[in-house]
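What follows is one structure encoded as structure tokens, with my remarks underneath.
The values are calculated or read from the model by the stated rules, or taken from the named source; none is laboratory data. Please read these numbers as outputs of a predicted model, since none were measured by experiment. Glycine also receives a Cβ, built like all others from the backbone with ideal geometry; neighbour counts cover every protein chain displayed.
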Amino acid sequence: MEMRNPIDVRIIVEGASDVENVSRALQNIALGAEYHITISSIIPTTNTEIAKKAVRGADIILIATDVDAPGRELADKFQTVLKKEVGHIERMKLPFGHDVEYIDPALIRKEIKNAIIRSGLISIGNIGRIQELRDQLKQSENQITDLKEDIDNLSSEKEKTAKENKELTSSLERLEFKQKSLQEDLKTIKNKYADIKNKHRIILKKNLYETFLLNELWKENFNETLEEEELITFITSEFKPDNIILGQGFIAAPSKKDAVDWLKVIRTVLIFYDSKIEDLKEEIGDEKFIPSLLKE
């Protein structure tokens, strides 16, 4: 059977005289053999700080103060201050009306034994509670282990997520840069398109003319020589056709076909309005009027 260290019991008394009386009461008592305990020290003090230092490491503390009001008050104060310092605190119940200094040693010895027995019984009663606490502690340790595993897994996931986030951030930066570049390209294209559109609009609005030598065009289409162009110029200025400009030996029109069509109109007008020839002569002068212009 495994040998365990004896239970360490310490007794707090009020003064040095109490130490002597308690020591005398402990003579001829075999606490080690009977209860497997040892009285390691008797502490004479009324100071709680000194008591805290003196009881460290003890299993049981017995408080043996006088039974008067100051003694009970001191015992209560010790119990309050020392309850977290040791395993168990027990008040020695001495006969009322007796101070420790004057009490019969046999009564002190008996009360020491009774206090030790009460401590043991209370401790036995706490075994179930202690076991519950151990079970709870074990359960908490298991939960802590599980939590550590979860933390490790979460840390791994965090690192992985951080890496992915870094990659996504880099990708986003590249995409933003590319988007900015595309936006600049789009802006440039829009500006070019607007410029081209504007030029196209100007071109559409602007009348573009082709210019031809009047004599050559007349000869080419009517197979005759244009002797005088003043009559053609006069008729054109009178009719004021759209997109036809004639003068100084040239005819200008949007196309060659337009120029030829206008010359045909002039010849047709002259053919179908012979009655107007005299008027034309008067307008441009007889010497400049050539009848052959009216022939097909």
Quiz item: Filtering the range 49-72 down to residues that are modelled with pLDDT of 90 or more and assigned to a helix (DSSP H, G or I), which residue is surrounded by the fewest Cβ atoms within 10 Å (Cβ to Cβ)?
Solution: Glu49
Quiz item: Give me the pairs: first residue in the range 35-63 and over 24 Å from Ile117 (Cα atoms), second residue in a strand (DSSP E or B) and modelled with pLDDT of 90 or more, beta-carbon distance under 8 Å, and six or more apart or on different chains, which are they?
Solution: Thr45/Ile12; Ile50/Ile43
Practice problem: Give the residue that is nearest to the chain's Cα centre (by Cα), with candidates limited to residues of the range 209-227 that are farther than 13 Å from Arg267 by Cα and among the aromatic types (Phe, Trp, Tyr). | Solution: Tyr209
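Criterion first (among the polar types (S, T, N, Q) and exposed (fewer than 10 other Cβ atoms within 10 Å of the Cβ)) does Asn223 satisfy it? If you could, list the steps in order and put the result at the bottom.
Values: among the polar types (S, T, N, Q): yes; exposed (fewer than 10 other Cβ atoms within 10 Å of the Cβ): yes.
The answer is yes for Asn223.
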Quiz item: What pairs can you find where one residue is in the range 246-270 and over 12 Å from Leu213 (Cβ atoms), the other is among the hydroxyl-bearing types (Ser, Thr, Tyr) and assigned to a helix (DSSP H, G or I), and their Cβ atoms are less than 8 Å apart, with a gap of 6+ or different chains?
Solution: Gly247/Thr233; Trp262/Thr236; Ile266/Thr236
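From the list Thr48, Thr80, Thr38, Thr65, which residue is over 27 Å from Gly125 (Cβ atoms) and of a type in the set (Ser, Thr, Tyr)?
Values: Thr80 fails: over 27 Å from Gly125 (Cβ atoms); Thr38 fails: over 27 Å from Gly125 (Cβ atoms); Thr65 fails: over 27 Å from Gly125 (Cβ atoms).
Result of the check over Thr48, Thr80, Thr38, Thr65: Thr48.
Taking the range 262-296, which residues are modelled with pLDDT of 75 or more and surrounded by 14 or more Cβ atoms within 10 Å (Cβ to Cβ)?
From the range 262-296, those modelled with pLDDT of 75 or more are 262-268; that's our starting set.
Result: Trp262, Leu263, Val265, Ile266, Arg267.
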Quiz item: Which residue pairs have Cβ atoms under 9 Å apart, sit 6 or more places apart or on different chains, and have a first residue in the range 71-85 that is on the phi < 0 side of the Ramachandran plot and in contact (Cβ under 8 Å) with a residue 40 or more places away in the chain and a second that is of a type in the set (Asp, Glu) and not in a helix (DSSP H, G or I)?
Solution: Gly71/Glu14; Gly71/Asp99; Leu74/Glu14; Leu74/Asp66
Quiz item: Looking at Asp104, is it at pLDDT below 90, charged (D, E, K, R) and surrounded by 14 or more Cβ atoms within 10 Å (Cβ to Cβ)?
Solution: no
